[in-house]
Amino acid sequence: MPGSIVVGTQWGDEGKGRIVDIVAKECQHVVRYQGGHNAGHTIVVDSETFALQLIPSGVLYEHVTPIIGNGVVINPWVLIDEIDMLASRGVDCGRLMLSPAAHLVLPYHQIADELAEAQRGDAKLGTTKRGIGPAYADKAARVGLRVEDLLEPMTLRSRLLSVLADRNAYLQRVYDHPGVDPDELADQLITEVAPRLAPLVADTVGWLHEALHAGERVLFEGAQATFLDLDHGTYPFVTSSNPVAGFALVGSGIGPGAIDQVIGIAKAYTTRVGSGPFVTELHGETGEHLRDRGAEYGTNTNRPRRCGWFDAVMGRQAVRLNACTEIALTKLDVLDELDTIKVCVAYEVDGHRYDYLPHLRSLHDRAVPVYATLPGWKTPLDKVTQRWQLPRQAVDYIVFLERQLGLPIRYVCVGPGREQYIRFAA
Ligand code: GDP
Ligand code: IMO
Ligand code: MG
């Protein structure tokens, strides 16, 4: 069956957007299946940079139908701004499809996220403060508003009145915050949002089934990444959805038989934004070097990303959790100037060696990395387009990672530009 999934294998920002852009060339449909505008997926086309938060990265191709699946949470104003931004740059979003079952991220979610983070003080999770956690919490509590509610103004208003009676009481009592006026919000949604988004609401499940049945290629674009997964990530320092490949099915409404390819995206080193454990984190000069050369600052929040060596223990765990069939390695060029490069090949905890992530958080927190050291190549890679042009040490690094992960690396990226990658033959 013709379904491919692109999934982050680390803590996000691996370059999923740019890989989707490469793979989407051969696809007819690209679907976002979870997350919201906490994502920032960058695509660089010639001198133009597109940073997308909600719209699938395949949108730049006219032959692709971009679809926002039921598993996504949508801030409608951010989506409208993104549609307008793309239109102003010549990209038409008229063919974008929205699942009626996707939930809305509303101002009271964002307020709750901000206030909860402020209250946690030093114990903050480091969220993007976009309201993503509170929106998914409302979904699970069955009090969320969905895209389909935009089609029914009366229902929308009464659901808002009911949920805000509760949410406003909480904001007032716990945070001394005045809350959100339900009628004002309902008016805005009915007059500003619904006219823009209602025409895009479609039977995305039916559409995808027919496409897959007809043999058309569908690409499922994950946001965030495996170790930000609510179940499998470094809880509680995770996001509130399930980025792992399995959720592509739930978040878009298809079955497991539809998937024949899972591309795990890995940076040639590791980064993380926000709080939480990071076994291979570098605090000194080398970490700063990676941040500078890799421009490791949040795509939307501009927060500096924490940087460290490649962690093959996490990589192997991600391969398992997502059933990856291949790897795309990004940002290899960022390592160009290093004399030596380290790769974490195992963790050591209390004298025991772990090849996969320890199953208990208490063990993970005490893990010490076991490193292999490889020679650097000290040559710029940004113009390399063929495997044979790579210096021997760079090939050795790639082959070393392939052996560590037990999977072929099919794409190696050497710069942010659309053409700056090497395709490794199957
Ligand atoms: P995503 O969230 O996984 O889509 O990744 P982001 O877009 O947040 O972050 C990846 C950043 O690295 C973006 O600024 C990309 O333009 C850039 N990038 C992607 N691949 C490469 C690469 O191979 N080399 C370099 N130097 N930059 C890259
Ligand atoms: P893309 O799709 C990197 C992180 C936040 C925080 C944690 C929880 O661009 O890879 P949230 O706002 O989701 O409740 O924050 O998750 N986070 C990301 N980190 N890339 C992302 O998306 C992220 N989305 C959320 O920094 O640590
Ligand atoms: Mg990103």
* Förster-model FRET efficiency, 45 Å R0, Val395 and Val143, C-beta, rounded to 0.05 -> 0.25
* Given the options Ala24, Ala323, Ala312, state which has the largest fluctuation in a GNM of the chain using a 10 Å cut-off (strictly under) for Cα springs. => Ala323
* the chain - charge dipole about Cα centre, Lys and Arg +1 at Cβ, Asp and Glu -1, debye rounded to 20 -> 900
* Structure fact -> Between the Cα axis of helix 153-175 and the main Cα principal axis of the chain, the angle (0 to 90°, nearest 10) is 70
* Asked: Taking the simple approach of a point 7 Å from Cα along Cα-to-Cβ for both Val91 and Ile190, what is their distance in nm?
  -> 3.4
* Structure fact -> In whole angstrom, the spacing between the Cα centers of segment 336-374 and segment 241-258 equals 30
* Crossing angle, helix 76-88 versus the chain [Cα axis fit, 0-90 degrees, rounded to tens] -> 70
* To do: For segment 103-197, compute Rh as the Kirkwood radius over C-alpha pairs and then the Stokes-Einstein diffusion coefficient at 10 °C and 1.306 mPa s; write the answer in µm²/s, rounded to an integer.
  => 115
* What's the local net charge at Phe227, with K and R +1, D and E -1, over the other residues with C-beta under 10 Å away? -> -1
* Structure fact -> Ordered by fewest other Cβ atoms within 10 Å, a rough proxy for footprinting exposure, Ser4, Ser47 read Ser47, Ser4
* Structure fact -> Ratio for segment 267-423, C-alpha Rg to 2.2 N^0.38 Å, reads 1.03
* For the chain, what does -39500 (n - 2.57) per DSSP helix run (n ≥ 4), summed and divided by total residues, give at 222 nm, in deg cm²/dmol to the nearest 500? -> -9000 deg cm²/dmol
* Points 7 angstrom from Cα along the Cβ direction at Val370 and Leu161: gap in nanometres? -> 6.5
* Once Rh for segment 322-370 is found with the Kirkwood sum over Cα pairs, what is the Stokes-Einstein diffusion coefficient at 10 °C and 1.306 mPa s, in µm²/s? -> 119
* Asked: If each Cα of the chain is one equal point scatterer, what is log10 of I(q)/I(0) from the Debye formula at q = 0.06, 0.10 Å⁻¹?
  -> -0.25, -0.69
* Asked: Which order results if Met154, Met314 are arranged by neighbouring Cβ count within 10 Å, fewest first?
  -> Met154, Met314
* Asked: Among the lysines, which have Cα under 16 Å from the Cα of Lys25 when same-chain residues fewer than 8 positions away are ignored?
  -> Lys16
* Any aspartates and glutamates with Cα under 13 Å of the Lys124 Cα? List them, leaving off those in the same chain fewer than 8 positions away. => Asp113, Glu114
* Name the residue, out of Asp231, Asp311, Asp181, whose mean-square fluctuation peaks in a Gaussian network model built on the chain with Cα pairs under 10 Å. => Asp181
* Structure fact -> Ranked on Cβ counts within 10 Å of their own Cβ, fewest leading, Trp388, Trp11 go Trp388, Trp11
* Structure fact -> Using alpha carbon centers only, segment 22-81 is separated from segment 162-208 by a whole-angstrom value of 23
* Structure fact -> In degrees rounded to 10, the 0-90 angle between helix 392-405 Cα long axis and the longest Cα principal axis of the chain is 60
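All of the numbers you see were taken from the coordinates with simple rules; none came from a lab. Just so it is clear, the model here is predicted, and its values are computed rather than measured. All Cβ positions, glycine included, derive from the backbone under ideal geometry; neighbour counts span all protein chains shown.
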